[in-house]
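A short reminder: the numbers here are calculations on the coordinates, not readings from a lab. These figures come from a predicted structure and were not determined experimentally. Virtual Cβ from ideal backbone geometry, glycine too; neighbours counted across all protein chains shown.
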């Protein structure tokens, strides 16, 4: 049996009166693209910090590729790359020095070929000899990603890597991360951009107040949303009387309805016709991850 | 392969990148002390027979600069890393707490000895070179750098902001180094301050270091070695325990 890329069992962590993690257990298989979602304060960063050895759990166990992050920390850390959320850098170093030094911390002192490759892949080759202070926020974020990859870890955790990053970088970053995943790296991602998680991740765990409230394949979670969303813009402000009880006002002359299936569209159109209104715009869509996320967070 | 050599290299690179501030400036400060004190007191004070006051000052100033810079190196490196958040890059890799200690310690000793050597070379313009027992001086230089470097690691880990580190520096390090016989022999002090000075480990470092220069000291160099060595071992034990437990570094 292949060992899990990441495995946590019964993880608990308190910060004073705050119970940041409550009995969290989950496993991520090797090669998975996995998302860890939750509102601010849900415990995502605490969980990542425990996996990275930056925080010690009060109870429970965390393993990276079968190696306990406490007892066998050297091996566990060698197998893990973490892109931290905070934009930190060493102001004394250039980009290349930053990567060479980070590589050396892992005992890799002749790593130039790989460093050149990640510089190129992340579009940093022009900035290789620039001081870290001279870089824009987006460029600094790229260096953080490069630092996490410098020792070629099989498991990579990205803690909100696209926060405050422009669209171009976001796209090139995901292209690169997807390639790493195709090459066999396990990717664990936290993000507030749920459409990123929906399009990239095979499985998703949702955390709320330190507990896992949903853990499933992305496709299953999307199916669990059930209802279709119908949005209509009319030529008038009033919602037809027959629909008023179910309609949600979305804006001026715009309202939305939840439908069990596409067959329920016709009675809605009939109600509009009966009210003598004219439809100016109409759209029907399946629930996205954001809808599911809101539903789960409200329900739990 | 270990991350220790790289962490040490980074520590050396860090202070060398700002060499004017970290190496040249303290040498100039020590030269000013020598200039002023020797001008004001040279004709009034003679501590050891046959040794001019300027010559007497040299080992004290060398050691004081060495100690202050050893402390400054590890403490400022750690507090800056903690405040800017880049300490995470050292905490994520598989670097053991002992390697961590050793790298910051060696970085501090290196800078301390470098500044001390620079001060000594500078003093050659004012006093003839005198090193009757160089090995004793070397031992106390390394031990002093190690002791204050370790204290710097402890202060850097303990402090959460620059204010706290400044308080540590102003209320502990400065009095310890200034009231340790850099500018005088403790035998010239009133009995109360003489007794107080004997509880100051920095006094033993300077006195032992000075023995290496003149073959004369206030107390036996063996006693100085024992006291300074014991303090170094005790502080190292405290520091290693803090690192092993992740005190203020890992939650």
Quiz item: Rounded to the nearest 500, what is the protein assembly as shown's calculated 222 nm mean residue ellipticity when only DSSP H runs of at least 4 contribute -39500 (n - 2.57) each, over all residues?
Solution: -16000 deg cm²/dmol
Practice problem: Ignore the peptide's own chain and count Cβ atoms of other chains within 10 Å of each Cβ in B:77-88; give me the average, rounded. | Solution: 3
Exercise. Could you estimate the translational diffusion coefficient of the protein assembly as shown from the Stokes-Einstein equation, with Rh from the Kirkwood formula over C-alpha pairs, at 25 °C and 0.890 mPa s, in whole µm²/s?
Key: 89 µm²/s
Practice problem: Over 21 Å, how big is the tail of the calculated P(r) for the range A:122-253, in percent of all Cα pairs? | Solution: 58 percent
Practice problem: Compute the FRET efficiency between residue A:167 and residue A:112 as 1/(1 + (r/R0)^6), taking r as their Cβ-Cβ distance and R0 = 30 Å, and round to the nearest 0.05. | Solution: 0.40
Quiz item: What is the fewest-to-most order of A:48, A:249 by other Cβ atoms lying within 10 Å of their Cβ?
Solution: A:249, A:48
Practice problem: Quick one: check the C-alpha center-to-center distance for the range A:127-183 versus the range A:28-84, whole angstrom. | Solution: 19 Å
Practice problem: Give the relative contact order (percent, whole number) for chain B; include only Cα pairs under 8 Å separated by 6+ residues. | Solution: 26 percent
Exercise. Sort largest first and round to whole Å: the equivalent ellipsoid semi-axes of the range B:1-149, each the square root of five times a Cα gyration tensor eigenvalue.
Key: 35, 16, 11
Self-check item: Reciprocal mean inverse distance between Cα atoms of the range A:6-223 - Kirkwood radius, Å
Solution: 17.7 Å
Quiz item: Using the alpha-carbon atoms, what tilt in degrees (0 to 90, nearest 10) does helix B:134-158 show relative to the longest principal axis of chain B?
Solution: 40 degrees
Practice problem: Work the Kirkwood hydrodynamic radius out for chain B: mean of 1/r over every pair of different alpha-carbon atoms, inverted, in Å. | Solution: 18.5 Å
Quiz item: When only C-alpha pairs under 8 Å and at least 6 residues apart count, what is the relative contact order of chain A, in percent?
Solution: 20 percent
Quiz item: For the range A:261-300, what's the radius of gyration and Dmax over Cα atoms, in angstrom?
Solution: 14.6, 41
Quiz item: What is the mean number of Cβ atoms from other protein chains located within 10 Å of the Cβ atom of each residue in peptide A:87-97, rounded to a whole number?
Solution: 4
Quiz prompt | Rel. contact order, % - alpha carbon contacts under 8 angstrom, at least six apart, the range B:156-251 | solution = 24 percent
Quiz item: Based on the mean of other beta carbon atoms within 10 Å per residue, what is the order of A:87-94, B:212-219, most packed first?
Solution: B:212-219, A:87-94
Quiz item: Ranked by Cβ crowding within 10 angstrom, fewest neighbours first, how are A:166, B:207 ordered?
Solution: A:166, B:207
Quiz item: Where does each of B:16, A:174, B:136 land when they are ranked from fewest to most other beta-carbon atoms within 10 angstrom?
Solution: B:16, A:174, B:136
Self-check item: 10 Å Cβ neighbours from other chains, averaged over peptide B:91-103
Solution: 4
Quiz item: Across 10 Å bins from the origin, how do the percents of Cα pairs in the range A:226-287 run, short distances first?
Solution: 24, 62, 14, 0
Exercise. Using every pair of alpha-carbon atoms in the range B:65-173, split the distances into 10 Å bins beginning at 0 and state the percent of pairs per bin, rounded to integers.
Key: 15, 39, 29, 13, 4, 0
Practice problem: Round to the nearest 0.05 the FRET efficiency obtained for residue A:215 and residue A:265 when R0 = 30 Å and r is the Cβ-Cβ distance. | Solution: 0.35
